[in-house]
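The values are calculated or read from the model by the stated rules, or taken from the named source; none is laboratory data. Keep in mind it's a predicted model, so treat the numbers as computed, not measured. Glycine also receives a Cβ, built like all others from the backbone with ideal geometry; neighbour counts cover every protein chain displayed.
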Protein chains: 2
Amino acid sequence: MIQTKLIPRTAEAHEPPMLIKNMLAQSLRYEPQREIVYRDLFRMNYVTFNQRVRQLANVLTGLGVQPGDTVAMFDWDSHRYLECFFAVTSMGAVLHTVNIRLSPAQILYTVNHAQDKVILIHDDFLPILTAIKDQITTVDKYVLISDKVYVDLNAIGEVPAGFSGEYEALLKGTSAEYEFPDFDENTWATTFYTTGTTGNPKGVYFSHRQLFMHTMGLASYVCGYQAVPFSAMTDVYMPITPMFHVHAWGFPFLATMLSAKQVYAGRYDPELVLKLLLQEGVTFSHCVPTILNMLVNSPAAQKFKAQLSKWKVIIGGSALTKGLAKGALDLGIQVYQGYGMSETAPIMSLTYLNDLERDLPIDDQIEFRTRAGRIAPFIEMRLMNDDGTFAPHDGHALGEIVARGPWLTQGYYEDPERGADLWKGGWLHTGDVASITPDNWVLISDRTKDVIKTGGEWVSSLDMEDALSQLEGVAESAVVGLPDERWGERPHALIVQKPGYELTADGIKTELQTKVDRGDLHKWYVPDRILFVSEIPKTSVGKIDKKRIRSEMKEQILGAVNA
Amino acid sequence: MIQTKLIPRTAEAHEPPMLIKNMLAQSLRYEPQREIVYRDLFRMNYVTFNQRVRQLANVLTGLGVQPGDTVAMFDWDSHRYLECFFAVTSMGAVLHTVNIRLSPAQILYTVNHAQDKVILIHDDFLPILTAIKDQITTVDKYVLISDKVYVDLNAIGEVPAGFSGEYEALLKGTSAEYEFPDFDENTWATTFYTTGTTGNPKGVYFSHRQLFMHTMGLASYVCGYQAVPFSAMTDVYMPITPMFHVHAWGFPFLATMLSAKQVYAGRYDPELVLKLLLQEGVTFSHCVPTILNMLVNSPAAQKFKAQLSKWKVIIGGSALTKGLAKGALDLGIQVYQGYGMSETAPIMSLTYLNDLERDLPIDDQIEFRTRAGRIAPFIEMRLMNDDGTFAPHDGHALGEIVARGPWLTQGYYEDPERGADLWKGGWLHTGDVASITPDNWVLISDRTKDVIKTGGEWVSSLDMEDALSQLEGVAESAVVGLPDERWGERPHALIVQKPGYELTADGIKTELQTKVDRGDLHKWYVPDRILFVSEIPKTSVGKIDKKRIRSEMKEQILGAVNA
């Protein structure tokens, strides 16, 4: 940073910090009559929402929550979660959005590690709480959340022992007067725990400034550039990714700031999701490919084409395949793709079809729409080589995606070693290998730990598996790098054959060589050894376990009889 | 500010400051092929623009400009001005956008007061420079700007003695490699001088953070809420207010960040403005009422209705009358109104027709479109009473508009006394009297110095003049407050009669009393004394000189023979 002349300030002059409460204030300013809907159970306008956010702040204050304390939320996507996004943070407290997909032991670890003081918990998660409650060290107050209260106001007569009350009952009769204070914009606002393949969950965290800037970046991208066109005036927003996972990609902050109509679906029930989509006129969502796939292939889809053709969906989490993109586009669903991580709040890139691409025939657009998007506003992205130099953005050269920007976690909570690794060299390391085109499309190839470094070149194990999958008789494949004296590493493949085939390593290599001869494949991509197996080792969530293959199957692979 | 827990930061973690260069970087990211047009003389795409901005930074560095130095610009609206907006500020230097409407003596004062180091000056302003050059104390380099170079490359063979060269000639052949550095976001970016009725011009100034935030606020308002719908994809932007005047309302920063097509008209020549509007397909502008009036009443208007009906225009500077609004709307021109000051960067409010108002018949919309707009995103506005308390936002109670927000000047440069007055009590005092409706419409009534404070009530002198103007035989009127023992102040009126009329004070008061009886006028609005005059004292720019009336005509008014 160079030295410059700063603006002088008159003693009484005021310049506000950028806080989440500034976005909340906007939600009341122009369209207070627009609605926030929860399932088929509850709806309110922004006036009521603002009152409830303040009531919640008063309830939490009554429970002893002070600035700097952490409040943990166990809930599905709901209006209550949205209320926590604004109330907890604007009090100066920290919202821990509990990752309910972790094992109970891991959840226990995160609750203790984050030093949660108060837990708000949906009754669906009480069994988990029961299993771990004895070992929770810092929580002294519990609030029950239950959907039953929206059906029958008397349903929640009793709450479990040790609970301070039920959410709606506590809000009721509590004052809606609460003036959210000013404080430093670098104040800690939210915490979320993510897992790697090893070690304890890692806590990422974001400040008010970071979440404000993430919202501004999103607003610029989807409203300004109209990358995925979002109009507060006509769009109806419904997330179909969990709010605990980096704030449902930050869209609830944007939708609330712009006082757009919002719909929250609670625990995902495919029938209810579809019903809400149709009845509430949802036009803007984000989800993982699995959910889109369910919808596209449901017999109901053709029937509801009129509404589906107004639906814009951003896919994230896993890659959007060309087949699914085509299926969705054929129904009129506008599909887009985003890329980010828990560490990045999360948006780092998002589909943006520019003036030259926007009017291409739909089939030609699929190539663009299945990419990981174009680099988002204010995010700087580079491709880092092993030696810390940067690879060119030519659409071919591979490197690890490293990033800078206004909304990246500044470390892992109380984990200085992994935090230092994350930020090694002053860039956030994503662990993803990609190329970037000169016009800023991000083309993700692999995870860094799986990419194969051979003779100075990076070979994407995913690209190689894709090539193998296209060969006749190959049911499944896995490509890993193993150490090689001459080249550093060399690729090797495991292949599961389809029933009735009798493939040979030589046959496969010959076919691959044809691709090399045609110029479709670099010659260093051809695996050294091919091992036929009956199944490929997978992780608990069904991903190919390349780490185990490299460690446990090394000798077997290198001993495979190949020509 | 309360104490909270700030986010911890890993040693190498990076979070960027919010700088103008971040907006510049965006201009290249998605639509580099879009164009910036200057009159019928020059056009370029954003690739060239970015190169020229860096060339300019190199030229200025060569002229000795260092971070913290001030560079002064004397030019009409141009692509060169836009280049200065980004190049000078992103170097860490300060851009003084010279107020060329001041007198030469005042311009001299501002150049010396701002301690300008380098002056870039359009040849239209050389006569002014010649008049003051001997007395300029801090400038050591001059750069000539001339439009002739776009017509004939050899036209600028010679530049005046003491000049370092001509703008285009200096850029040509200069490297387009320049890495804009990181620095504190509170770095001084721009300075502009504004005048009051007394004293020297006052220097307002804005930081990188403030201009970044102003752009985010505008983007939220015109792209997010679609208050005045702006689409980078389809809109073509042409300012028709000067760029020296608080950055042409900040829209050039927004348009550049979003890489929208932009058109700059140079010195305003009505024919050329219309030609550009038609030929370049301009759809988004802002101007003072006079310019809109000229266009609406030009015989050409009906002929070009097709293009004019795509034109969105924000009016500022003076109030948009209902008549002009109607004339414009009848041509299909979408008119809006904005409110702000040099001190506020400037946007504080802007027309926003919400869901309940947007589809009203055009005639019913006129009432809304001629208001000063709705409070802009992130701006806090209050109505301050004389005793420092706040008046309610009920659409009736009057108070002085005071504001807070992320982009307000933090004082007047080296003028601590007037800076302290501006920020008295921690709110920026606008000197404008208004009411605010519960749904955030700003209704401006008067300037504080002209409002009449009688018996605890504030009477708008403008409203009173409006009432008088509607009476038969009244050609012109001026209403001022004079001290009164019982009521503090009381209103008094000067009236110029239309030829052929013989009005009397009693007659006028009787007519006003009828309005009072009907409930159209508060009884304390009726002036104590009415003085018939042959003309009303005006300032040099044609405004009623109420200060002079109060000081020089006091005895005459109080001595007027009234019943």
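Worth a mention:
- Pick from region A:239-249, criterion of a type outside the set (Val, Ile, Thr) and touching a Phe, Trp or Tyr at 6+ places or on another chain (Cβ under 8 Å), ranking: surrounded by the most Cβ atoms within 10 Å (Cβ to Cβ): A:His247
- Residue in region A:50-57 that is of a type outside the set (S, T, N, Q) and assigned to a strand (DSSP E or B) present: no
Residue by residue, here is whether (1) assigned to a strand (DSSP E or B); (2) touching a residue at least 12 places away in the same chain (Cβ under 8 Å) holds:
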residue: B:Pro406; (1), (2): no, yes
residue: B:Glu417; (1), (2): no, no
residue: B:Ala420; (1), (2): no, no
residue: B:Ser445; (1), (2): yes, yes
residue: B:Trp458; (1), (2): yes, yes
residue: B:Leu462; (1), (2): no, yes
residue: B:Ala475; (1), (2): yes, yes
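- Only one of A:Ser78, A:Ser90 that is under 25 Å from A:Arg209 (Cβ atoms), touching a residue at least 24 places away in the same chain (Cβ under 8 Å) and within 27 Å of the chain's Cα centre (by Cα): A:Ser90
- Only a single criterion out of (1) part of a helix (DSSP H, G or I); (2) touching a His at 6+ places or on another chain (Cβ under 6 Å); (3) of a type in the set (Gly, Ala, Ser) is not satisfied by A:Ala72, namely (1).
- Among the numbered conditions (1) surrounded by fewer than 21 Cβ atoms within 10 Å (Cβ to Cβ); (2) within 9 Å of chain B (Cβ to nearest Cβ); (3) in contact with a strand residue (DSSP E or B) (Cβ under 6 Å, 6 or more places away or on another chain), the only one that A:Asp182 does not meet is (3).
- A:Lys117 meets each of the listed conditions (1) under 29 Å from the mean Cα position of the chain (by Cα); (2) in a loop (DSSP other than H, G, I, E, B) apart from (2).
- A:Ser259 being over 18 Å from the mean Cα position of the chain (by Cα), at positive phi and outside the structural domain of A:Arg43 (by TED's automatic domain parsing): yes
- Top-ranked residue in region B:75-114 [being in a strand (DSSP E or B) and in contact with a Phe, Trp or Tyr (Cβ under 6 Å, 6 or more places away or on another chain); ranked as farthest from B:Tyr150 (Cα to Cα)]: B:Val94
- Residues that are surrounded by fewer than 16 Cβ atoms within 10 Å (Cβ to Cβ), touching a residue at least 12 places away in the same chain (Cβ under 8 Å), on the phi < 0 side of the Ramachandran plot and under 29 Å from the mean Cα position of the chain (by Cα) are absent from region A:149-165 altogether.
- Filtering region B:187-201 to residues that are modelled with pLDDT of 95 or more and of a type outside the set (Ser, Thr, Tyr) leaves B:Trp188, B:Ala189, B:Phe192.
- Selection within region B:436-461 - more than 21 Å from the chain's Cα centre (by Cα), more than 14 Å from chain A (Cβ to nearest Cβ) and of a type outside the set (D, E, K, R): B:Val451, B:Ile452, B:Thr454, B:Gly455, B:Gly456, B:Trp458, B:Val459, B:Ser460, B:Ser461
- For region B:214-231, a tally of residues being within 8 Å of chain A (Cβ to nearest Cβ) and surrounded by fewer than 24 Cβ atoms within 10 Å (Cβ to Cβ) returns 2.
- Residue check, A:Asp432 outside any strand (DSSP E or B), away from chain B (no Cβ under 14 Å) and at pLDDT below 95: no
Table: residues versus (1) out of contact with any strand residue (DSSP E or B) (no Cβ under 8 Å at 6 or more places or on another chain); (2) away from every other protein chain (no Cβ under 12 Å).
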| site | (1), (2) |
| --- | --- |
| A:Met348 | no, yes |
| A:Asp355 | yes, no |
| A:Gln365 | yes, yes |
| A:Arg369 | no, yes |
| A:Pro377 | yes, no |
| A:Glu380 | no, no |
| A:Trp407 | no, no |
| A:Pro416 | yes, no |
| A:Trp423 | no, no |
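- Count - residues of region B:320-345 that are touching a helix residue (DSSP H, G or I) at 6+ places or on another chain (Cβ under 9 Å) and in a strand (DSSP E or B): 6
- Single residue of B:Ala176, B:Ala169 found to be more than 24 Å from B:Gly317 (Cα to Cα), more than 9 Å from chain A (Cβ to nearest Cβ) and not in a loop (DSSP other than H, G, I, E, B): B:Ala169
- Taking the criterion of being touching a Phe, Trp or Tyr at 6+ places or on another chain (Cβ under 7 Å) and within 13 Å of A:Leu82 (Cα to Cα), the residues of region A:38-56 that qualify are A:Tyr38, A:Val53, A:Arg54.
- Filter result (among the acidic types (Asp, Glu) and either buried (at least 18 other Cβ atoms within 10 Å of the Cβ) or out of contact with any helix residue (DSSP H, G or I) (no Cβ under 8 Å at 6 or more places or on another chain) (or both)) within region B:473-511: B:Asp484, B:Glu485, B:Glu489, B:Glu502, B:Asp506, B:Glu511
- Summed over region B:241-271, residues that are touching a residue at least 60 places away in the same chain (Cβ under 8 Å) and assigned to a loop (DSSP other than H, G, I, E, B) total 11.
- Filtered residues of region A:254-266 (kept if touching a strand residue (DSSP E or B) at 6+ places or on another chain (Cβ under 8 Å) and either within 14 Å of another protein chain (Cβ to nearest Cβ) or at pLDDT below 95 (or both)): A:Ala255, A:Thr256, A:Ala260, A:Lys261
- Hey, B:Thr191 polar (S, T, N, Q), under 30 Å from B:Phe42 (Cα atoms) and part of a loop (DSSP other than H, G, I, E, B) or not: no
- Filtered by the rule that a residue be assigned to a helix (DSSP H, G or I) and within 7 Å of chain B (Cβ to nearest Cβ), region A:11-22 gives a lone residue, A:Asn22.
- Residues of region A:294-319 that turn out to be hydroxyl-bearing (Ser, Thr, Tyr) and closer than 30 Å to A:Lys543 by Cβ, as a count: 2
- Candidates B:Pro8, B:Pro32: the one that is outside any helix (DSSP H, G or I), surrounded by fewer than 19 Cβ atoms within 10 Å (Cβ to Cβ), assigned by TED's automatic domain parsing to the domain that holds B:Leu171 and not acidic (Asp, Glu) is B:Pro32.
- Within region B:192-210, the set of residues being surrounded by fewer than 24 Cβ atoms within 10 Å (Cβ to Cβ), touching a strand residue (DSSP E or B) at 6+ places or on another chain (Cβ under 9 Å) and more than 9 Å from every other protein chain (Cβ to nearest Cβ) comprises B:Thr194, B:Thr195, B:Gly196, B:Asn200, B:Pro201, B:Lys202, B:Gly203.
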